[in-house]
Structures are given as C-alpha cells and as structure tokens.
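What follows is a single structure, written as structure tokens, with notes after it.
The values are calculated or read from the model by the stated rules, or taken from the named source; none is laboratory data. Predicted model only: the values in this text are computed from it and were never measured. Note that each Cβ is placed from the backbone with ideal geometry, even for glycine, and that neighbours are counted across all protein chains shown.
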Amino acid sequence: MSFNIKQLSQDLWQIIEPWFSEHANLFLLRGTKKTLLIDTGLGVESLSDFLFERQLSPDVVVTTHCHFDHCGGLAQFSPETIYLTDRQAKNISDSTLWGLNYLNQEDVNISHRQALQNYSSKPPASWQQLGHNIDLGDYQLSVISAPGHTDDSIILHESSRGWVFTGDTFYEGKLYLDLPNTNTTNWIKSLEIISNLETTIIYPGHNNLVEKSKSIDLLEVACSQLKAD
Ligand SMILES: [Zn+2]
C-alpha cells in the first residue's frame, strides 16, 4: 500500500507512508473555498494521484520544512498549487539540506527498497510565494516562522479551533539534532512560540497527535532534549 489515510474529523485527514518506518504525518484540510495539503512525503509514490482518486486534490500545497520526508513529493503537484516561504525557496533546490543521510534501507519495507535505491531529490521547478495567512474559507491558518529544526521550518496555527501543525519543530519522542541547518538555540525559542499559542490539539510531523492536556509536559521534554545538547 502506497499510503494510509485516516479521517480525523469532518474536514481533516492524516496520511502516512506505511512502508517507511520513520514516516512523517501528512495532513489534508478541506475548507469551503480551498483544500490544503501540509507536507508531501518522500515522493516515491504519487500522492497527487492518490488524492485525485479520492477527490481530495489540494489547491494549496505547503511543506513544514525542506527535509525529504516532508518536501520530497512537492514536485508531483502543479506549480500553481505549491507555496513556499522565501527561506524554503532558497533551500529547496539544495539537496544537501534534505537530510538524506537519514534515509536508510533498513527503515524501508522490502517492497520499496528498489525504489529507494533510485531515489534522488526532486525539487519543484517553480512555486508561489507563501504569505502569512492561508485562507481556506471556513479555516484560516497563520503561517509562523519557527527556525531551529531547520532554518526554514514553519508551523501553522488555526486559532479559532486551536489546531497547531508543527512539522518536526515539535513531536513526541527523540529529536534529531545533527541534521543540516539545525540550531538548538532557535529551536528552543520556537518551542516557546508553540507553548504560547492557543491550543486544543497539536498535529506533529511524526508520531502521535498531542492533546492539550499532554502538550505542556511533552513540550518540556522536547526542550530539555535541546538544552542537553
Ligand atoms: Zn525534519
């Protein structure tokens, strides 16, 4: 199976690549005016076709940061739908920043190992400029710069519902500190930004969704990992 998709609520889906054990969480949010895709996976299989077949094609495609497991599939989507920040636009074509040293054969199901051997970074040919707000109609997302995990990381906040999409800036579990472009001092500041947002639930780039009741403790765990560095 190329992708697993799970409907989390009426307009929100979580998508993963089950054949990759370090899979990222990709999210699709359908508003009354537009549909947003947050992160694209590796780009080994066509997420674009998968969503089209389910009548869930996005109008806006963003990436939380330029690592292969989040931005790798961007090039599958039409350039009019891809939106990058200025910093992401600078980084996207530099594959040394994609974290490919973390793409290991043993993390990939045998069904996809051949595809992985042929894997190379495929940046999109062109894109649009991502501003400070994404208007989906009944959902409004603020785009917040959150450098640290990478210098191009963003988080998205739907303030009326208290939803925060954090990418790899925050998730439950071990944080990886030796990736290109990581800056722990900035990362701690970005965790503070998340701590101060109106939150009901956090949709992280990896692992479990984080309810508000657990978020304060887990944000502290993340922060202490960075301070120990
Ligand atoms: Zn990452």
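Filtered by the rule that a residue be farther than 18 Å from Val62 by Cβ and out of contact with any Leu (no Cβ under 8 Å at 6 or more places or on another chain), segment 112-132 gives His112, Arg113, Gln114, Ala115, Gln117, Asn118, Ser120.
Picking from residues in segment 99-118 that are out of contact with any helix residue (DSSP H, G or I) (no Cβ under 8 Å at 6 or more places or on another chain) and assigned to a loop (DSSP other than H, G, I, E, B), the one that is modelled with the highest pLDDT is Asn109. Please indicate, with yes or no, whether at least one residue in segment 103-110 is β-branched (Val, Ile, Thr), closer than 25 Å to Glu22 by Cα, more than 16 Å from the ligand (Cβ to nearest atom) and touching a residue at least 40 places away in the same chain (Cβ under 8 Å). Scanning segment 103-110, I find at least one residue that is β-branched (Val, Ile, Thr), closer than 25 Å to Glu22 by Cα, more than 16 Å from the ligand (Cβ to nearest atom) and touching a residue at least 40 places away in the same chain (Cβ under 8 Å), so the answer is yes. Residues in segment 168-177 that are within 12 Å of the ligand (Cβ to nearest atom) and surrounded by fewer than 16 Cβ atoms within 10 Å (Cβ to Cβ): Tyr176, Leu177. The condition (being acidic (Asp, Glu) and over 15 Å from Ile38 (Cα atoms)) is satisfied by just one residue among Asp151, Asp168: Asp151.
Assess whether Thr184 counts as being surrounded by 19 or more Cβ atoms within 10 Å (Cβ to Cβ) and either more than 12 Å from the ligand (Cβ to nearest atom) or not small (Gly, Ala, Ser) (or both). For Thr184, the condition - surrounded by 19 or more Cβ atoms within 10 Å (Cβ to Cβ) and either more than 12 Å from the ligand (Cβ to nearest atom) or not small (Gly, Ala, Ser) (or both) - is not met. Counting only residues that are of a type outside the set (A, V, I, L, M), away from the ligand (no atom under 14 Å from the Cβ) and part of a helix (DSSP H, G or I), segment 50-77 holds 4 of them. Within segment 164-199, track down each residue that is in contact with a helix residue (DSSP H, G or I) (Cβ under 7 Å, 6 or more places away or on another chain), among the aliphatic types (A, V, I, L, M) and at pLDDT 95 or above. Hits for segment 164-199 are Val164, Ile188, Leu191, Ile194.
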